[in-house]
Amino acid sequence: MKRLAIILFILIIGSIIISSFFFIGKDTVKEETKLFIREIILLNESQLLTSEENEEIKLFFESLEALNLPHPIIEGIEIPYYDVFTPPTENEEFLQYISVKYDQVTATVSDTDIHFEYILYNEVSKNPEEIYFGKLTLRSSDTDVNLVAVHLMERQK
C-alpha cells in the first residue's frame, strides 16, 4: 500500500513537472497584439487599419494630450491580461497600466480590448488622486482586423 502511494505521488509530481514545460517561454499576451500596441503607441496609427480607423486612433491619443497626460510608454513594459496584476510603469508623475482582454465572438472571430489606465497618487496619503481610463476594441478574424470602438481617455476620479 505504501509503495502504491509513493508511486502515485511520484506520477503526480512528474506530470506536474512535465506539463509545466509546455508553458515555459509562452507569453500571456499574443505576440501580434503586442506588436499592434507597440505600433499604435509609436506611430499613432497601424498598417492593419483603414485611414478612417487610424483617424480614430489619432483622436484617442489626442484625448491624452487634452487631459495633459503623458504619451504611453511601451519600451520594456509587460502587457498582461486585464485584471492580472503587474507592476505599473512610471510615466512622469503617473503610474501607467496597459492590459488586454480577449473575447471569442465566433470560432474564427475575436474581440480584443486594449485598456489604458493612468493613476496619479497623492504623495502624502498614498491614495489615488486621479484615475484616467480609455479603451480600444478591435475585431479580428483570419483575414482582417477592424477597429470596433474607441473610448477616449476620461477622468474617472
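Okay, which of the stretch 60-93 sit inside 11 Å, backbone N to the point 7 Å along the Cα-Cβ direction of GLN47? No residue qualifies, since no backbone N sits under 11 Å from the label point. In percent, rounded to a whole number, the relative contact order of the stretch 67-157 is 19, using alpha-carbon pairs under 8 Å and six or more apart. Residues PHE133, PHE116 ordered from highest to lowest accessible area at a 1.4 Å probe: PHE133, PHE116. The solvent-accessible area of VAL145, taken with every protein chain present and a 1.4 Å probe, is close to 30 Å². With a cut-off of 14 Å between beta carbons, the residues surrounding ALA66 carry a summed charge of -1, where Lys and Arg count +1 and Asp and Glu -1.
So what's the net charge close to SER51: Lys and Arg +1, Asp and Glu -1, counting the other residues with Cβ under 11 Å from its Cβ?
Numbers: positive: LYS58; negative: GLU45, GLU52, GLU53, GLU55, GLU56.
So the environment of SER51 carries a net charge of -4.
Straight-distance candidates among the aspartates and glutamates for linking to LYS157, with alpha-carbon spacing under 15 Å and chain neighbours fewer than 8 residues away dropped: GLU117, GLU129, GLU130. Go ahead and collect, in residue order, the members of the stretch 121-157 whose backbone nitrogen is under 20 Å from a label point 7 Å along the Cα-Cβ direction of TYR81. Residues 136-141 fall inside that zone. Amide H contacts under 5 Å for VAL100: TYR81, TYR82, HIS115, restricted to partners 5 or more places along the chain or on a different chain, H placed in the peptide plane at 1.01 Å from N. Electrostatic bookkeeping for SER141 treats Lys and Arg as +1 and Asp and Glu as -1; over the other residues with beta carbon under 13 Å from its beta carbon, the sum is -3.
Computed extension gain for GLN156 through GLN104, at 0.36 nm per residue and net of the alpha carbon distance, reaches 15.9 nm.
Phi-derived couplings, Karplus 6.51 cos²θ - 1.76 cosθ + 1.60 at θ = phi - 60°, listed residue by residue for the stretch 113-121: 9, 10, 9, 10, 9, 10, 10, 10, 9 Hz, with x used for Gly and Pro.
The values are calculated or read from the model by the stated rules, or taken from the named source; none is laboratory data. As the structure is a prediction and not an experimental result, all values here were calculated from the model. Neighbour counts run over all protein chains shown; Cβ positions are idealised from the backbone, glycine included. These accessible areas exclude ligands, DNA and RNA; they are computed on the full protein's heavy atoms, side chains included. Shrake-Rupley method; radii C 1.70, N 1.55, O 1.52, S 1.80 Å.
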